[in-house]
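Written out below as structure tokens is the structure these notes cover.
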There are 2 protein chains.
Amino acid sequence: MIPDTAQRHRQTVHVTEVGLRDGLQAERRLLPASEKIALIGKLIDAGVKDFELTSFVSSKAVPQMADAAEIFSAFKERGDLLLSALVPNEHGAERAVEAGADAMVVFMSASESHNLKNVNRSREVSLRSFETVAEIAKVHGVALHGAISTAFGCPFEGEVPVAEVLKIAETYAAIGVTRLSLGDTTGMATPSLVIERIRALKTAVPDMEIALHFHNTRGVGLVCAWTGLAEGISRFEASVGGLGGCPFVPEASGNIATEDLVYLLEESGYDTGIDLCKLSDAALLAERFVGHTLPGQIMKAGPRLRTWPLEAARTANG
Amino acid sequence: MIPDTAQRHRQTVHVTEVGLRDGLQAERRLLPASEKIALIGKLIDAGVKDFELTSFVSSKAVPQMADAAEIFSAFKERGDLLLSALVPNEHGAERAVEAGADAMVVFMSASESHNLKNVNRSREVSLRSFETVAEIAKVHGVALHGAISTAFGCPFEGEVPVAEVLKIAETYAAIGVTRLSLGDTTGMATPSLVIERIRALKTAVPDMEIALHFHNTRGVGLVCAWTGLAEGISRFEASVGGLGGCPFVPEASGNIATEDLVYLLEESGYDTGIDLCKLSDAALLAERFVGHTLPGQIMKAGPRLRTWPLEAARTANG
């Protein structure tokens, strides 16, 4: 159903900013920690409260994330934020605890070949290793989140059966994951698949909070988010400015842009708690830092009711 | 409501290609007629049947459209196509008849200042002048279509009351317009506005075919199309590759890309009669002709089930 904005006026929708992790990870230029901290500061000023801030992976594998502990140390005293980090294994989990993360995120792919490619392990080995991570999280009172990559399709295998997603979700639930993120790694989600997967997950893991993480690689990222919203989902992951990209097609888009998502939500009567203009400023700062144009639209066009003097236009019989 | 793809399997959705007119009009490089004809040929090969092909405006005002008659003459014998052209006035209507157009499109803005800026007339004068155009169309058995620019908001005035849209639609109906296109000139449409305007129009002009023409200037063009679809609209205008742009913000997007729309529709169980791969090839040709990157996503990422060898990926914990 199309959300009835009259009925749902000011219903809250939660936005998790993943630009610092999923976005920057795809960038060639290594941003110094000072720039990341400045960008996060601007995002916090705009009202963003929930961040996937970095990942505690090998800095040899992902040099962009080598400053993970430093980034955390700048913000961990902020009790009003929820700061999470990706952890690939036990060692990462220990580093996340030490850094003061509020949540650690285990992650794996729904398709075998993508998991092998991404973390060099079978899905079975990934799942087993999360038990230790879960134990560490529990002992230290850190929340445990779980992400599923290639949840709507795999760039190596094609279709990913919903059963594969459910299997992982059920194991996540069993080890204490409280928030599940469905990752549309290479932009293969469609409205039909979104509906199918959400409905199946609501039955299989009814107590799990579900977050949706769409990429705009094929232009329909916000349509998928809109579909998820109509299915009752109220948490979405997005990347400021659309930071990030596609690992296969350099010129294609990656994550949906946080400000475009916030624009859609706020214009549809939902409350994100985020100031669109300040968020767009953050997107422009991100663009300056990475040194190339980002795909976000609102950061270019401005808010809906931005008006122009009559002299401003080129001819446009739109 | 989200369209139930099981129920609506293979319901037809009509796509009108406006790239040759609305798209190219915004381009600096003047394409020779031979390139336009080659592009149209590729689009026809892909299955596109409905074109807003050009406009019969002053070639001084819009040099890109100076070859309007030549373009028509290349395709007017094709009885399986519907070829329309924008006509600003009586003289344009006569040229359209002479060129062999199947339909002529009168156009005006829902907001006074945009109409003044665009065609240098008040809305009242525009509406009056269409009566003569309608007469010419009737005499020659040419279909009459009507477009309303700034139908969801005006870049000079901001909000555009739905009543302004209805007033024009009713006059269009009275003079014999059979297809009405709602133009989202600078990307100010939102799902709520789409629902409001469609429902009001269905009551005010129940016999009128309604087409939706969205721009992706603020990233939500396809969400608006999706919303229109759920409201029962089955005709959408789009521009191959996303040709075109925003008259105020050069770096912002214009029309939604035809191939991204077709991708969304076909993946959702609708039948557009268009071959996505051939359409993407047409978009790549358009990109070559205009000489700069176009905003379409499918033309870069490829179809949904495009797969890659394991070696192709950069690291991507998406």
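The figures follow:
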{"item": "7 Å along Cα→Cβ, label-point gaps from residue B:203 to other copies, nm, shortest first", "result": "4.0"}
{"item": "The stretch A:171-185 residues near the modelled residue B:305 label - backbone nitrogen below 19 Å, point 7 Å along Cα→Cβ", "result": "A:185"}
{"item": "Inter-chain shielding of B:224-234 (mean C-beta neighbours from other protein chains, 10 Å cut-off)", "result": "2"}
{"item": "Exceeding the 31 Å Cα-Cα cut-off - candidates B:76/B:167; B:76/B:202; B:42/B:202; B:36/B:138", "result": "B:76/B:167; B:76/B:202; B:42/B:202"}
{"item": "Per-copy distances of the residue B:312 label point, shortest first, in nm (7 angstrom along Cα→Cβ)", "result": "4.2"}
{"item": "Cβ crowding within 10 Å averaged over residues, with A:104-111, B:56-63 ranked highest first", "result": "A:104-111, B:56-63"}
{"item": "Potential lengthening between residue B:251 and residue B:45 on full extension [0.36 nm per residue; Cα-Cα distance subtracted]", "result": "71.1 nm"}
{"item": "For residue B:170, inter-copy label distances in nm, listed shortest first [label point 7 Å out on the Cα-Cβ vector]", "result": "6.1"}
{"item": "Distance from the stretch B:207-223 to the stretch A:251-272 (C-alpha centre basis), Å", "result": "18 Å"}
{"item": "222 nm mean residue ellipticity, helices alone, for chain B (DSSP H n ≥ 4; -39,500 (n - 2.57); rounded to 500)", "result": "-12000 deg cm²/dmol"}
{"item": "Relative contact order (%) - the stretch B:60-133, alpha-carbon pairs under 8 angstrom, separation at least six", "result": "27 percent"}
{"item": "Chain A - share of DSSP beta bridges that are antiparallel (%, nearest 5)", "result": "5 percent"}
{"item": "Distance between the stretch A:158-174 and the stretch A:69-138 - C-alpha centres, whole angstrom", "result": "18 Å"}
{"item": "Mean separation of Cα contacts under 8 Å (6+ apart) over length of chain B, as relative contact order %", "result": "20 percent"}
{"item": "10 Å beta-carbon shell around residue B:56, net charge (K/R +1, D/E -1)", "result": "-1"}
{"item": "Cleavage-rule hits, GluC sites (Glu not before Pro), the stretch A:239-275, DSSP coil, Cβ neighbours within 10 Å at most 15", "result": "A:251"}
{"item": "Label-point gap, in nm, between residue B:167 and residue B:288 - each point 7 angstrom along Cα→Cβ", "result": "4.9 nm"}
{"item": "Approximate spin-label separation residue B:98-residue A:207, in nm, with each point projected 7 Å along Cα-to-Cβ", "result": "7.9 nm"}
{"item": "Loop-resident sites, the stretch A:100-203, for GluC sites (Glu not before Pro), counting at most 12 other Cβ within 10 Å (DSSP)", "result": "none"}
{"item": "Estimated FRET transfer efficiency when R0 is 60 angstrom, pair residue A:131-residue B:131 (beta carbons, to 0.05)", "result": "0.20"}
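Each reported figure results from applying straightforward, stated rules to the coordinates on display, with no laboratory input. Nothing here was measured: the structure is a model prediction, and the numbers come from that model. Every residue, glycine among them, receives a Cβ derived from its backbone with ideal geometry; neighbour counts consider all protein chains shown.
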